[in-house]
Amino acid sequence: MRSRPISLLALCLALMLALPAAAEQKQVYQDYEVHYAAMLTSDLTPEVARAYDIPRSGKRAFVMIHTRRLDEDSSVPVSIDGELRNLVGQVRSMQWQQVEDAGSIYSLSHFPVTHRERINFILKITPEGSQQPLPLSFQHQFYTD
C-alpha cells in the first residue's frame, strides 16, 4: 500500500464531487459503508494522476472505492474481486491498487473506455478480517474526449 500527501487525494476527491457525471455514490451494509465513484482519467490533475500512476487520457476511466466500518468510523483495507461488462457482453477483469492517504484507504482501478460506453461493474468487496464479501453492482456511462 502506498502513502501520498493528503493534498493530492483532496484534489482528486474535490474534482470528483465537482463533476455531476462523476458524483460519488455509496452503498450501506450492516457493518460497512462503501463509497464509490467513476470518471475519466483526463479529469484528474496531472499531479494526482502522476502520484497514483494513473495514465491521463480521454479514453481511459477509473473507479475509486472507499470502505469504512460504521461502528468505528474508520477506513478498512479490502480485497476486491469482480469485473466490468459493457452492453454487448464484453467482460474485462479489473486490477486494483490500494493507496493510503491521511488514515483513509482507497482502492483504485483504471481501464480503457469508448465514447458513450455504458459499463456494469459487478464487484465483491471483502473487508479485512471478514469472511463475507459485500456485493456491489452499479452502472456508469462514459463520454470520452
Under a point spin-label approximation (7 Å from Cα along Cα-to-Cβ), what is the residue 26-residue 86 distance to one decimal in nm? 3.3 nm
Using the number of other C-beta atoms within 10 angstrom as an exposure proxy, rank 94, 64 with the fewest first. 94, 64
On the formula 1/(1 + (r/R0)^6), with r taken between the Cβ atoms of residue 116 and residue 50 and R0 of 30 Å, the FRET efficiency rounded to 0.05 is 0.60
Please identify every one of the trypsin sites (Lys or Arg not before Pro) in region 36-106 that sits in a loop by DSSP and has no more than 13 other beta carbons within 10 Å of its own beta carbon. none
Taking other Cβ within 10 Å of each residue's Cβ, how do 142, 62 sort, fewest first? 142, 62
Mind giving me the FRET efficiency for residue 59 and residue 137? R0 is 25 Å, r the Cβ-Cβ distance, nearest 0.05 is fine. 0.55
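Values in this text are rule-based calculations from the coordinates and carry no lab data. Note that the structure is predicted; figures quoted are calculated from it, not measured. For neighbour counting, all protein chains shown are included, and Cβ atoms are generated from backbone atoms with ideal geometry for every residue, glycine included.
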